Amino acid sequence: MRILITGVAGFIGSTLAMRLLQRGDTVHGIDSLNDYYSVALKESRLSHFVDHPNFSFHKLDISDRDAVARLFRKNHFDSVMNLAAQAGVRYSLENPHAYVDANLVGFVNILEGCRHSKVGHFVFASSSSVYGANSKQPFSEHDNVDHPVSLYAATKKSNELMAHSYAHLFGLSCTGLRFFTVYGPWGRPDMALFLFTKGILEGRPIPVFNRGQMVRDFTYIDDIVEGVVRVIDHPARPDPAWSGDRPDPASSRAPYRIFNIGNSSPVELMHYIRVLEKELGRKAILDLLPMQDGDVPATVADVRELDAAVGFKPSTPVEVGISRFVKWYREYYTV
């Protein structure tokens, strides 16, 4: 297949690109290589496959409507995996316009490209953040998610609505994937595991929000990519049982589906830190802080729909995932 990955220099995008190239797909990748975090890290990820004969890199910003349109006019893609976005809950409090530009304007530019070039399957990254103020656990795709608690979450919910409208109006097969706290080698420097590891090794206090009373469904990167690959290979189809009298948010009479991808094995934040301390051989200095605006105390994924649809559910325990991350971190930063 010919597959376009947006955000290809990112954590998930680069890992997915390598996996697809290894199985023989032709991959095109978009990335703006912006400086939200280390450009050097993004370039290091790209270096693993940028010279592969079946890979083409396009440096562009998805919010550039003309550039995106030109790319779709010049190339035909069987599937598109949209991972390009302004990430991070906390940064959305500081720079909301970055989220509008990338996550809304950029998203509709990719949708338009898919529509006009007759892409067979549009898959896009949503987020567990869309569950917002929901408190019923585990989070299910069948639950209403109309109460986001951050602008980041609101943009991801908007992506789901925009994709559904294109599925309904133009028959574009659309699948949204709600990722749950992705971690592992080559991860993002603004995420907890990266920040904790750096802080512990440097002997600095690490920020622990809600004074450690947090639960997360930490999901290892290889499990995320396995789920994504299987979903790409299974385009969304209309649900014949869908009813407007009892509208199910997870499906539609249009070719549209939503799936959670999470480990479905919630971990207390303090346990996560203890596992990391063991791998590093050092104790953490904890800076116990109140809950951060826009954050939630717990995330737990119900992944029965993903398993039923593609025969897979993530299962890597944090003990294994953190060990692999620490090994990579020490090698990459020579510490």
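Collect the residues in region 1-60 that are touching a residue at least 40 places away in the same chain (Cβ under 8 Å), in a helix (DSSP H, G or I) and open to solvent by 10 Å² or more (accessible area, probe 1.4 Å), keeping them in residue-number order.
Once the filter is applied, which keeps residues that are touching a residue at least 40 places away in the same chain (Cβ under 8 Å), in a helix (DSSP H, G or I) and open to solvent by 10 Å² or more (accessible area, probe 1.4 Å), region 1-60 yields 11, 12, 15, 19, 44.
Residues that are closer than 30 Å to residue 172 by Cβ and at pLDDT 95 or above: does region 282-300 have at least one? Walk me through it before giving the result.
Residues of region 282-300 that are closer than 30 Å to residue 172 by Cβ, as a first pass: 299.
Right, trim to at pLDDT 95 or above and you get none.
So far as region 282-300 goes, no, none of its residues is closer than 30 Å to residue 172 by Cβ and at pLDDT 95 or above.
Okay, residues lined up against (1) open to solvent by 50 Å² or more (accessible area, probe 1.4 Å); (2) under 21 Å from residue 58 (Cα atoms); (3) under 15 Å from the mean Cα position of the chain (by Cα):
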position	(1), (2), (3)
84	no, yes, yes
91	yes, no, no
127	no, no, yes
144	yes, no, no
147	yes, no, no
161	yes, no, no
187	no, no, yes
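Looking only at region 73-82, which residues are touching a residue at least 40 places away in the same chain (Cβ under 8 Å) and either of a type in the set (A, V, I, L, M) or open to solvent by 40 Å² or more (accessible area, probe 1.4 Å) (or both)? Spell out how you get there, then give the answer.
Restricting attention to region 73-82, the residues satisfying the condition of being touching a residue at least 40 places away in the same chain (Cβ under 8 Å) are 73, 75-82.
Matches in region 73-82: 73, 76, 78, 80, 81.
Please state which of the following conditions residue 70 fails to meet, knowing it meets all the rest: (1) open to solvent by 40 Å² or more (accessible area, probe 1.4 Å); (2) under 26 Å from residue 244 (Cα atoms); (3) part of a helix (DSSP H, G or I).
Of the numbered conditions (1) open to solvent by 40 Å² or more (accessible area, probe 1.4 Å); (2) under 26 Å from residue 244 (Cα atoms); (3) part of a helix (DSSP H, G or I), the odd one out for residue 70 is (2).
Let me spell it out: the conditions are (1) open to solvent by less than 10 Å² (accessible area, probe 1.4 Å); (2) under 24 Å from residue 32 (Cβ atoms); (3) in a helix (DSSP H, G or I), and residue 167 meets all of them except one. Which number is the exception?
(2)
For region 242-250, indicate whether the set of residues that are touching a residue at least 24 places away in the same chain (Cβ under 8 Å), touching an Asp or Glu at 6+ places or on another chain (Cβ under 6 Å) and not basic (Lys, Arg) is non-empty.
In the first step, residues of region 242-250 are kept if they are touching a residue at least 24 places away in the same chain (Cβ under 8 Å); the result is 248-250.
After this cut, where a residue has to be touching an Asp or Glu at 6+ places or on another chain (Cβ under 6 Å) as well, the list is 250.
Narrowing the set further to residues that are not basic (Lys, Arg) leaves 250.
Checking region 242-250: at least one residue is touching a residue at least 24 places away in the same chain (Cβ under 8 Å), touching an Asp or Glu at 6+ places or on another chain (Cβ under 6 Å) and not basic (Lys, Arg).
Out of the residues in region 251-265 meeting the condition of being among the hydroxyl-bearing types (Ser, Thr, Tyr) and within 15 Å of residue 162 (Cβ to Cβ), tell me which one is surrounded by the fewest Cβ atoms within 10 Å (Cβ to Cβ).
Applying the first criterion (among the hydroxyl-bearing types (Ser, Thr, Tyr)) to region 251-265 yields 251-252, 256, 264-265.
The next check asks that each one be within 15 Å of residue 162 (Cβ to Cβ); those that pass are 252, 256.
Numbers: 252: 21, 256: 26.
Here the answer is 252.
The values are calculated or read from the model by the stated rules, or taken from the named source; none is laboratory data. Just so it is clear, the model here is predicted, and its values are computed rather than measured. Neighbour counts are summed over all protein chains in view; Cβ atoms, including those assigned to glycine, are modelled from backbone coordinates with ideal geometry. These area figures cover heavy atoms from the full protein model, side chains too; ligands, DNA and RNA do not enter into them. Shrake-Rupley method; radii C 1.70, N 1.55, O 1.52, S 1.80 Å.
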